[in-house]
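Okay, so here's the structure we're looking at.
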Amino acid sequence: MPADLRTQAIVLRRTNYGESDRILNLLTPEGKVSVIARGVRKEKSRLAGSIELFSVADVVIHKGHSDLGILTSAKMLRFYQGLLSDVERLELASSFLKKLSRASDQFTSPEHFSLLDQSLSGLNQLFPLALVETWFSLNLARIGGEELNLVRDTAGDELNPVLRYIWDAQEEALSPNPNGTISAREIKFLRFLLARPLAHATKIEDFERLLPLITPIAMK
């Protein structure tokens, strides 16, 4: 990291420190960064109100000799305040923060930031909870190198658009079954979710019918 980094950031976790400081774990396009926001808890702090949970901020971080950076500037760009008035959405958003925190500890990907930002935005816009969670889970696995197998079935054969399938959790693949609930339409929707932004999924005419069929696969 250069001596001064200007980037966008989402707070993953914050911890009060001393009388007026706060330690922040931030997710940025450059990865996870820990910083100290000095005096942020003071009423007249210029940082106060600019770096909150469930918001996106433009920040400047100074990196010295310590692993802990210093937050020198912050300007809120987006605040997903609608999450704070809905318990279910707040709980799901909080789980996203924890999962991205763990994932970003293992490796750094610019996609982590976009994944979290889009998911929080979707929850704030009242997208169906199942849609946001399914899209998040599918793409978190993809970014981590564990993308859902939507090419071949349990026997190694290419998926056939005229067949129906069930999900084989042990083999982590689709298995042909004439009574299966997964058809070419569900497979196409799964591929769509893995390739397109979350907001685009709401444009699919029958996405609400498809969701109950594919969500168990995404949550494998």
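Of Lys98/Lys203; Lys44/Lys99; Lys63/Lys220, which ones are farther than 31 Å apart at the Cα?
On the way: Lys98/Lys203 29 Å; Lys44/Lys99 33 Å; Lys63/Lys220 39 Å.
Violating the 31 Å Cα-Cα cut-off are Lys44/Lys99; Lys63/Lys220.
When the helices in the chain are scored as -39500 (n - 2.57) per DSSP H run of 4 or longer and the sum is shared across all residues, what 222 nm value do you end up with, to the nearest 500 deg cm²/dmol? It would help to have the intermediate numbers written out before the result.
Details: 6 runs with 78 residues, N = 220.
For the chain, the value works out to -11000 deg cm²/dmol.
With no solvent and one equal point scatterer placed on each C-alpha of the range 1-87, evaluate the Debye formula and give log10 I(q)/I(0) for q = 0.13 Å⁻¹, two decimals.
After summing over all Cα pairs, the log10 values are -0.38.
Tell me, what is the per residue accessible area of the chain in Å², probe radius 1.4 Å?
53 Å²
What does the charge dipole of the chain about its Cα centre add up to, to the nearest 20 debye, if the Cβ of each Lys and Arg holds +1 and the Cβ of each Asp and Glu holds -1? Kindly include the intermediate steps, with their values, before the conclusion.
Values: 27 positive and 27 negative charges, 181 e Å.
Taking the Cα centre of the chain as origin, the dipole is about 860 debye.
With just the Cα atoms defining each centre, how far is the range 64-78 from the range 146-167? Give it in Å.
46 Å
If you average the sequence gap of Cα pairs under 8 Å that are 6 or more apart and divide by the length of the chain, what percent do you get for the contact order? The partial results should precede the final answer.
On the way: 377 pairs, mean separation 31.5, N = 220.
It comes to 14 percent, rounded to a whole number.
So how much slack lies between Thr202 and Ala3, counting 0.36 nm per residue of separation and subtracting their Cα-Cα distance, in nm? Walk me through the numbers before you get to the answer.
Working: separation 199, 0.36 × 199 = 71.64 nm, distance 4.17 nm.
Net length gain for the segment: 67.5 nm.
Subtract the Cα-Cα distance of Arg41 and Arg78 from 0.36 nm times their separation in residues, and report this length gain in nm to one decimal.
Working: separation 37, 0.36 × 37 = 13.32 nm, distance 2.05 nm.
Fully extending the segment from Arg41 to Arg78 adds 11.3 nm.
Accessible area of the range 89-220 with a 1.4 Å probe: how many percent of it is carbon plus sulfur? List each step's numbers first, then the result.
Numbers: 3360 of 6790 Å².
Carbon and sulfur atoms account for 49 percent of the accessible area of the range 89-220.
In nm, to one decimal, how far is the Arg185 label point from the Glu147 one, both placed 7 Å along Cα→Cβ?
Placing both labels 7 Å along Cα→Cβ, they lie 2.6 nm apart.
Please work out, to two decimal places, the log10 of the ratio I(q)/I(0) at q = 0.17 Å⁻¹ from a Debye calculation in which every Cα of the chain carries one identical scatterer.
Cα-only, vacuum Debye calculation for the chain: -1.13.
Count charges around Ser20 for me, please; just the other residues with Cβ under 11 Å from its Cβ, Lys/Arg as +1, Asp/Glu as -1.
On the way: positive: Arg22, Arg38, Arg41, Lys42, Lys44; negative: Glu19, Asp21, Glu43.
Around Ser20, the charge tally is +2.
Assuming 0.36 nm per residue, please report the length gained on full extension of the stretch Ile70 to Leu126 beyond their Cα-Cα distance. Walk me through the intermediate numbers first.
On the way: separation 56, 0.36 × 56 = 20.16 nm, distance 3.49 nm.
The Ile70-Leu126 span can extend by a further 16.7 nm.
The values are calculated or read from the model by the stated rules, or taken from the named source; none is laboratory data. Remember, it's a predicted structure, so these values are computed and weren't measured experimentally. Because the Cβ atoms are built from the backbone with ideal geometry, glycine has one as well, and the counts that use them run over all protein chains shown. To get the accessible areas, we keep the full protein, side chains included, count just its heavy atoms, and leave off ligands, DNA and RNA. Shrake-Rupley method; radii C 1.70, N 1.55, O 1.52, S 1.80 Å.
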